[in-house]
Amino acid sequence: MASGMMVAGKWIIYGEEGNQDLHDIPTTFRDRVSADGSSGFKAEPGRYHLYVSLACPWAHRTLIMRELKGLHNVISVANADMIMSDRGWMFSQTPDSVNHARYLQEIYLKAHPRYTGRVTVPVLWDRQTQTIVNNESREIMRMFDVDFAAFATQKIDLYPRDLQQQIDQTIDAILPINAGVYRAGFAQEQTVYENAVTELFENLDRWEIILSKQRYLCGDRLTEADICLFTTLYRFDSVYYLLFKCNLRRIIDYPNLWNYLKNLYQRPEFKATCNLDYTKGAYFMSMTDINPNRIVPKGPIVNFEEQHDRDRFAKA
């Protein structure tokens, strides 16, 4: 599968028409849903629809938050097919019940007929105004946590007032891990790859030390920051270590990161959003530019159910 994007409402493949350098265009839709509606988008049950892929770590963040907050009956979800098509994310196995779109690009064009940019998940769609509110995972996650709190059946606060600055700083600090695996995996020069891998593992080493002293990234409480790191760590040994050549060490080789990962996975809300076979298949079968034969490795065997040791830390 060749990577593509929209240019003035037209789907093009990277490298065509001199547009290969456009793959770094940032997310475009940055409106917000607010609890009181002052943003122009009011938090209301049944109004918003979330487009995701179970394979994507950025979309995975929003699914975990939706699960942790208990927003199943508030925000509906459309999950893309495992294998990305030449026209991007596709909905043929689990049809889109709201817009009946076959491809995610149709949703972007419905919001902006001459849209230019990448067609990514997650996407938060507003049924009422018939447009995309936001396609930035960190912001969607925050809306679910804060602005939809009144409708949450699980009264858990993952952005508590006394930790807000630390949480924001921590999410920024782990970005070299979240994005670093991709910088390494798609590097086209040896030095670029080596620099990316070096920075990635320096950051993993740093958080291994921090997690030797506390249960979660921001201390003794689960926060949004832990969701953001989890989705990368969960994919690391099965996907990034192999496909993206992030192979200095595995997460299982880090005692604290590995036990931290197992601890999070074993929470029912995290586990409910995970499908490793789907995730591996999506990466290895869709990214034909770096895996042209679409061979999906059988291993490694990763036992996330194995007992963890994080109970050694005092609970909040």
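A short reminder: the numbers here are calculations on the coordinates, not readings from a lab. Fair warning: this is a prediction, and the values are worked out from it, not measured in the lab. A quick note on method: Cβ atoms are made from the backbone with ideal geometry, for glycine too, and the neighbour counts reach across all protein chains shown.
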Practice prompt. For a footprinting-style exposure proxy, rank GLU189, GLU224, GLU136 by other Cβ within 10 Å, fewest first.
Written response: GLU189, GLU136, GLU224
Response to the item:
CD proxy, 222 nm, the chain: helix-only mean residue ellipticity via -39,500 (n - 2.57) per DSSP H run with n ≥ 4, per residue, nearest 500, stands at -9500 deg cm²/dmol
Discussion item. How would THR223, THR62 line up from fewest to most surrounding beta-carbon atoms within 10 angstrom?
Written reply: THR223, THR62
Discussion item. Quick check: the distance between the Cα centres of segment 255-292 and segment 213-236, to the nearest angstrom?
Written reply: 15 Å
Worksheet item: What is segment 25-136's relative contact order, in percent, from Cα pairs under 8 angstrom and six or more apart in sequence?
Response: 32 percent
Worksheet item: Beyond 24 Å, what share of the Cα-Cα pairs of the chain remains, rounded to the nearest whole percent?
Response: 54 percent
Item to complete: Give me the orientation-averaged projected area of the Cα convex hull of segment 161-271, in nm², one decimal.
Response: 6.8 nm²
Discussion item. Using a Förster radius of 30 Å, what is the FRET efficiency between SER85 and GLN266 based on their Cβ-Cβ separation? Nearest 0.05, please.
Written reply: 0.30
Fill in: Descending Cα extents along the principal axes, segment 4-151, whole Å
48, 32, 24
Worksheet entry | Ranked THR198, THR28, criterion: other C-beta atoms within 10 Å, fewest first | THR198, THR28
